[in-house]
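Below is one structure; the comments refer to it alone.
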Amino acid sequence: MTQEYEFERRLQLLQHKHASAAQDNAYVARVRDDGTVVAASVASRPTRRLRPLVLLIVMFAAFVGFKSLMLSYLGLDDYAKRLAMLQRGNDWEVAAAWALQVDPVTDVITYDVRPRVMTVVEAVVDRVARGDLALAANLPPKPDALADANN
């Protein structure tokens, strides 16, 4: 290799390295008091390291929420029958039955939290049905309300 070729290759590698570092926000160019420009590295943000953990927590919460929804919809007896059917299946179904079994967290959400939430939902639905609470500001009034207002 010639010296000129080697220099060009090293220069291209450095340019590629600097371009990728700039895209990743790995460094920031700063101007000193004397007018010189200095590239200073930026400390990595800890939020990037936590993103996979947050994603796993959200997925776990969604899965537990799904299990508690199914358990409250089907009831404990029917849910147990369906789990027993899954446990008699192939390897994937056995694994799904293991993952879908009732655990303490699902039990708490199903039997302690859900009735409280449903009480609030039922109260809101009752108020909407009576016309006390409009779901949107531009909804027209109920026909009964117009007849009562005219009398």
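Taking first residues from the range 53-80 that are more than 20 Å from Val94 (Cα to Cα) and partners that are surrounded by 10 or more Cβ atoms within 10 Å (Cβ to Cβ) and not charged (D, E, K, R), the Cβ contacts under 6 Å between residues at least 6 apart in sequence or on separate chains come to Ser72/Thr110.
Residues Arg82, Arg88: which one is modelled with pLDDT of 85 or more and more than 31 Å from the chain's Cα centre (by Cα)? So that I can check it myself, show each step before the final result.
Numbers: Arg82 fails: more than 31 Å from the chain's Cα centre (by Cα).
So the residue among Arg82, Arg88 that is modelled with pLDDT of 85 or more and more than 31 Å from the chain's Cα centre (by Cα) is Arg88.
The one condition from (1) over 30 Å from Val117 (Cα atoms); (2) of a type in the set (D, E, K, R); (3) at pLDDT below 85 that Asp34 does not meet is (3). Just one of (1) at positive phi; (2) at pLDDT 80 or above fails for Gly131. It is (2). Identify the residue in the range 37-79 that is of a type in the set (S, T, N, Q) and either under 12 Å from Val102 (Cα atoms) or modelled with pLDDT of 85 or more (or both) and, among all such residues, is farthest from the chain's Cα centre (by Cα). So the residue we want is Ser72. Within the range 96-107, identify whether any single residue is modelled with pLDDT of 90 or more, aromatic (Phe, Trp, Tyr) and surrounded by fewer than 10 Cβ atoms within 10 Å (Cβ to Cβ), and answer yes or no. So far as the range 96-107 goes, no, none of its residues is modelled with pLDDT of 90 or more, aromatic (Phe, Trp, Tyr) and surrounded by fewer than 10 Cβ atoms within 10 Å (Cβ to Cβ).
The values are calculated or read from the model by the stated rules, or taken from the named source; none is laboratory data. As the structure is a computational prediction, the values presented were derived from the model and not from experiment. Quick reminder, even Gly has a Cβ in these numbers, built from the backbone with ideal geometry, and neighbours come from all protein chains shown.
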